[in-house]
Amino acid sequence: MKQQRGYTYKLNPTEDQEQKLLQFAGASRWMWNRALAIIEEHYAETGKHLSAYEVARDLLSWKRSEEMSWLYEINAQVLQQPFKDLKDAYTRYFKGQNNKPRFKKRGHHDHFRYPQGVRVEGRRMYLPCIGWVRFFKSREIEGVIKSVAVKRQASGWYAVLKVEREAPEPALVCPDPRSAVGIDFGLRHFATLSDGTKVESPKAYRAAESRLGKARRSLSRKRRGSHNWRLQRQRVALLEEEVANRRKDFLDKLSTELVERFNLICIEDLNLHALKGSLRLGKSMSDAGWGTFVHMLEYKAQERGKTIWKANRWWPSSKTCSGCGHVNKELKLKDMVFECPVCHLLLDRDLNAALNLVVVGLAETLNARGEDVRPSVFRDGEADLCEAGTCERVLAPAS
């Protein structure tokens, strides 16, 4: 089975190469803005949408004009990528998946992409029309390079390699409950596992919020465009990148550890966008990075042949008793302890939800493969655990 994977490396260009990188990024941004302007003008005049591919037909005539002869210095395929990106952006916009494409500003969108032609030899990377650029090779590349995106961040230039390689087929989940885990996300703790482990969140943004606020206030007091303003803007950008790197490092290590320990990982299918708005916890949820964590779990599980199971987002995992299956509809969001009025089970709210996730996830996953799950996973006695269609009736877990 083919699988695509990304590798990110920091480039170490010379001064001349860095100027070339800036030139390529500026050309890519210019092509996007020009194409977008033509599409909007055409729509304003005719009321019809003009495809980005139709605009791309004029690329050769632009090059031949005296004012735009500098386009010949840029790799031709790099110039064609903004049209493809713009077409994809409009496709997602018409489907309601994102906002309308906007013009890109200098300094905010310094990136470009090679669809082919990039080679790697040792610690050097060949970028067409730029040459061999040295980079910090933190790990070996496994697979065939399909495309390379070059972008500038506060700490320097980076190359993101999209690589295609063989991945194992998902293996059958072992029926042993010790090979499965349920994960309940939270804000007091980043996650609670069904084995009782509580994972503390580093709260990267909250930890740096004071420093970030001070740096941003200092930036606002400086005259825009001045030398001191540019220096302070760089300091703010470096702080923001440090926060993102701390969060990503934590999520990477935790997801790798869980995928290596367990064959089946059961999680909730959360509507994060709705939760951020309805609960007014957008800053804390964004700082936790649940969405990025789930994405990491999925691709790491795929390449190791493990399985990720997601519960129906409407299933009340926190309100369902893991002992008898009774749904306590009176449970409030502020209640940190789950108390069952039927069997009088007293349990941490998050742990109760994690236990429900692993029980139902293991049952559904094995039943889907024709296995019998009654002997070793559940005790006698049935309980209605799923009221929202996740499953009809499953056995309750052993206490």
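The values are calculated or read from the model by the stated rules, or taken from the named source; none is laboratory data. Since the model is a prediction, treat every value here as computed from it, not as a measurement. As a convention, Cβ positions derive from the backbone with ideal geometry for all residues, glycine included, and neighbour counts pool all protein chains shown.
Here K2 meets the list (1) under 27 Å from W157 (Cα atoms); (2) in contact with an Asp or Glu (Cβ under 7 Å, 6 or more places away or on another chain) almost entirely, failing just condition (1).
Against the definition (farther than 14 Å from M285 by Cα, modelled with pLDDT of 85 or more and among the small types (G, A, S)), how does S179 come out, yes or no? Taking the combined requirement at face value, the residue does not satisfy it.
Out of the residues in the stretch 55-103 meeting the condition of being basic (K, R) and farther than 22 Å from S147 by Cβ, tell me which one is surrounded by the fewest Cβ atoms within 10 Å (Cβ to Cβ). Among those residues, the one meeting the criterion is K95. Taken together, the criteria place A208 among residues that are at pLDDT below 95, surrounded by 15 or more Cβ atoms within 10 Å (Cβ to Cβ) and small (G, A, S). With respect to the conditions (1) in contact with a helix residue (DSSP H, G or I) (Cβ under 9 Å, 6 or more places away or on another chain); (2) on the phi > 0 side of the Ramachandran plot; (3) not basic (K, R), W309 falls short on a single one, namely (2).
Results for (1) under 17 Å from V294 (Cβ atoms); (2) modelled with pLDDT of 90 or more; (3) part of a helix (DSSP H, G or I); (4) assigned by TED's automatic domain parsing to the domain that holds L297, shown as yes or no for each residue.
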residue	(1), (2), (3), (4)
I183	yes, yes, no, yes
R224	no, yes, no, yes
E240	no, yes, yes, yes
R247	yes, yes, yes, yes
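The residues of the stretch 197-222 that are part of a loop (DSSP other than H, G, I, E, B) and either under 15 Å from M285 (Cα atoms) or in contact with a strand residue (DSSP E or B) (Cβ under 7 Å, 6 or more places away or on another chain) (or both), listed by number, are E200, S201, P202, K203. Taking the stretch 9-41 as the range and being surrounded by 12 or more Cβ atoms within 10 Å (Cβ to Cβ) and not in a helix (DSSP H, G or I) as the test, the residues that pass are Y9, K10, L11, N12, P13. Screening W309 on (1) farther than 28 Å from K329 by Cα; (2) modelled with pLDDT of 85 or more shows it passes everything except condition (1).
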